[in-house]
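Worksheet: one structure, shown below.
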Amino acid sequence: MGFRLRKSINIIPGVRLNLSNGSPSLSVGPQGASVSFGSRGTFANLGLPGTGLSYRTRLDHVARSRGSNRTASDPALRQSLELEAAELMSAITAIRNIHVLTPDPRTGIRWSELESAYLQNRIMPFNVPAPVRPEKPEYLPLPEQPGASDGISFLGKWFESESAKADRHTENVQRWQQELADIERENTLRQHRYQQQRTAWAEQYANWKFDAEEHEARLATAESDARHQFCADTAFFESYLAEALTETEWPRETLVTFEVKPELSTVLLDVDLAEIEDMPDKIYVVNARGTELTEKSMTQKAQRENYARHIHGCLFRLAGIVLHTLPFENVIISGSTQRISKRTGYLEDQYILSCKCSRRQMASINFAGIEEVDPIKALGDYPIIRKMSSTFIFQPIEPFTLKAG
């Protein structure tokens, strides 16, 4: 992606982000209770507000084991399991329909309110804290290669045939190779994201230092000059938008870069989207006897459709946040993801979605019935660049620029 825009910011989801294993994962749910979907499994995160206590359990293991020792249906157990299944499916639905959190631009801030905030800001000392340097990630240890005797049973030591021994060792090696590939991919993603975060932090710090110096210089400017400069003060608009983005609840740590063009009444914005591998790929139901919560694999098409709705919803929501926060007319927004390059074999940022949203077009959305809006179709009505198949497979694109837009 190359961070082609001026400002960079990480949207940190706070209590909704699980970084205990160093791997950002999708997480949704109310304050104090959430469900996290990541490459290492599905977890429930429960907290007791005001106590500092929390509890975390792995659900994809629970789904297979809970109730395995029950032989008869218990109405209370069934009700409890159905409630848990409903909560899990509600979390998946929230990821699929992230666009429903989009604010209505028509209820956003007005020019007069923004000008008042600007004039007030000009007479106050600079109190924006410096951005925090990201910590280095913790990498997962690589598994040891299995030996010839790994996995052998007690009796197998004496009676296992040579062919059975070879089959067992082959199976162990294949399992080890798959685990090794998964861990190496995860470590590569962690390193790649850390490099992104470091680059973003360096840009944030440079911009923060510049803004601090500019603010001190502006303190001496008369109010009349301030009113004249208001409409062209890019740094003010960008800091205002950065604050709104920082306060946004988001299901994963998300890198956003943006640039404000007040003279064009336009904001350009890039977002680092989730990978499809991090999306939920299971559905949860209670078995017929009512004794166990079970998981079933989604079809690949269903998983890809959920991913398509999620990433379109991310762009839709961010466009709404921008137009709600700044009384500008246009947003050019593009989304990228990390993929292995067919040309180099390295992990690279590739754009897969890019669109231009205007305030007039967003005003045509019925935000009172936002649940009925399909973000894929909604963005399809705007100028959009995407290469998406009928089965929701995305190919790389060249995103909009100001000239292309």
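Listing for the model above:
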{"read-out": "So Ile385, is it out of contact with any Cys (no Cβ under 6 Å at 6 or more places or on another chain) and either hydroxyl-bearing (Ser, Thr, Tyr) or assigned to a strand (DSSP E or B) (or both)", "value": "yes"}
{"read-out": "Close pairs (6 angstrom Cβ cut-off, 6 or more residues apart or separate chains): under 14 Å from Arg317 (Cα atoms) in the stretch 346-362, in a helix (DSSP H, G or I) and among the acidic types (Asp, Glu) anywhere", "value": "none"}
{"read-out": "Residue within the stretch 131-144 that is surrounded by 12 or more Cβ atoms within 10 Å (Cβ to Cβ), touching a Gly at 6+ places or on another chain (Cβ under 6 Å) and not basic (Lys, Arg) present", "value": "yes"}
{"read-out": "Among the residues listed as Pro399, Pro327, the single one being more than 23 Å from the chain's Cα centre (by Cα), of a type outside the set (Ser, Thr, Tyr) and under 16 Å from Thr266 (Cβ atoms)", "value": "Pro327"}
{"read-out": "Qualifying residue in the stretch 218-228 (condition: surrounded by 14 or more Cβ atoms within 10 Å (Cβ to Cβ) and closer than 29 Å to Phe400 by Cβ)", "value": "no"}
{"read-out": "Subset of the stretch 325-347 [of a type in the set (D, E, K, R) and under 21 Å from Ile311 (Cα atoms)]", "value": "Arg339"}
{"read-out": "Ser297 being of a type in the set (Gly, Ala, Ser), within 21 Å of Ile393 (Cβ to Cβ) and modelled with pLDDT under 95", "value": "yes"}
{"read-out": "Filtered residue count, the stretch 366-405, keeping only those that are aliphatic (A, V, I, L, M) and free of Cβ contacts under 8 Å to residues at least 60 places away in the same chain", "value": "5"}
{"read-out": "Number of the exception - Cys357 against (1) closer than 27 Å to Arg110 by Cβ; (2) touching a Lys or Arg at 6+ places or on another chain (Cβ under 7 Å); (3) part of a strand (DSSP E or B)", "value": "(2)"}
{"read-out": "Qualifying residues in the stretch 241-257 (those that are buried (at least 19 other Cβ atoms within 10 Å of the Cβ) and more than 15 Å from the chain's Cα centre (by Cα)) - the one modelled with the lowest pLDDT", "value": "Ala242"}
{"read-out": "Residue among Ser163, Ser80, Ser54 that alone is at pLDDT below 85 and either surrounded by 10 or more Cβ atoms within 10 Å (Cβ to Cβ) or closer than 30 Å to Trp176 by Cβ (or both)", "value": "Ser54"}
{"read-out": "Unmet requirement for Val260, which otherwise passes all of (1) surrounded by fewer than 23 Cβ atoms within 10 Å (Cβ to Cβ); (2) over 21 Å from Gln338 (Cβ atoms); (3) at pLDDT 90 or above", "value": "(1)"}
{"read-out": "Every pair of residues 6+ apart whose Cβ atoms lie under 6 Å, when the first sits in the stretch 228-244 and is farther than 13 Å from His215 by Cβ while the second is aromatic (Phe, Trp, Tyr)", "value": "Phe230/Tyr118"}
{"read-out": "Selection from the stretch 184-227 of residues that are touching a residue at least 60 places away in the same chain (Cβ under 8 Å) and either hydrophobic (A, V, I, L, M, F, W, C) or assigned to a loop (DSSP other than H, G, I, E, B) (or both)", "value": "Leu189, Ala200, Trp201, Trp208, Ala212, Leu219, Thr221, Ala226"}
{"read-out": "Residue list for the stretch 284-294, filter: more than 27 Å from Ile183 (Cβ to Cβ) and either at pLDDT 95 or above or touching a strand residue (DSSP E or B) at 6+ places or on another chain (Cβ under 9 Å) (or both)", "value": "Val285, Val286, Asn287, Glu292, Leu293, Thr294"}
{"read-out": "Listing of strands (runs of 3 or more DSSP E) fully contained in the stretch 258-328 that carry 2 or more residues being closer than 25 Å to Pro103 by Cβ", "value": "266-272"}
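The values are calculated or read from the model by the stated rules, or taken from the named source; none is laboratory data. Computed from a predicted structure; not experimentally measured. So basically every Cβ, Gly included, is an ideal-geometry build from the backbone, and we count neighbours across all protein chains shown.
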